[in-house]
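The structure appears right after this line, and notes come after that.
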Amino acid sequence: CAGLTIFGIGDALLIASGSGNSPWTVFSQGVSAISGWSIGVTTFLTSLAVLLFWIPLKQKLGMGTILNAVIISISIEFFLPYLPQPDSYALQLVQAGFGIVLVGLGSGIYLISNLGPGPRDGLMIGLQQLTNLPVARVRTVIEVTVVFLGWMLGGIFGVGTLMFALGIGPAVSMGLYLVNYLSTR
């Protein structure tokens, strides 16, 4: 739960930076723009919609799957109004970078618990098993698709989105390393 909360705070920092969002948040923000619902609510509803795709893909829910959908959405909803929204482009990028680091750390804590994949990860796993394509290719197609759809709906795509795309792998790796290091002490 702590890892998912940290993940949600990191995502909220990225949103508040105004420099661009993570791919799925671009989508949720686009849905928010046309529906009038808050981004926390649309993040949760997007998670539920993604879980519907699990049915034909024969993916199995875990406790972590449900907690992922609920806690990240609540964290975004709760923390976003209290976070700074910098005017300076340099500060926006610094805030986005810090948000990406927090998402990576939160992911490290969450993933080590092994309580089931998050909704988006389960979609990736199911599509990879169905198509037999490499995970990297499947994930890339999913991410590019949701960014494009989200941007078309009014979500913010920008330098922060590119920073996320390039930085999330190393940030998660760092998070996993840190959690492993601290747990062996």
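The values are calculated or read from the model by the stated rules, or taken from the named source; none is laboratory data. The structure displayed is predicted, hence computed values, not measured ones. When we count neighbours, we look across all protein chains shown, and the Cβ atoms used for this are built from the backbone with ideal geometry, even at glycine. Side chains are part of the model used for accessible areas, which takes the heavy atoms of the whole protein and leaves out ligands, DNA and RNA. Shrake-Rupley method; radii C 1.70, N 1.55, O 1.52, S 1.80 Å.
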Those residues of region 102-120 which are buried (at least 18 other Cβ atoms within 10 Å of the Cβ) and of a type in the set (A, V, I, L, M, F, W, C), in sequence order: L102, V103, L105, I109, L111
Positions within region 115-131 being farther than 19 Å from S47 by Cα and among the polar types (S, T, N, Q), in sequence order: Q129, T131
Test result for L123, open to solvent by 50 Å² or more (accessible area, probe 1.4 Å), under 18 Å from the mean Cα position of the chain (by Cα) and farther than 18 Å from L178 by Cα: no
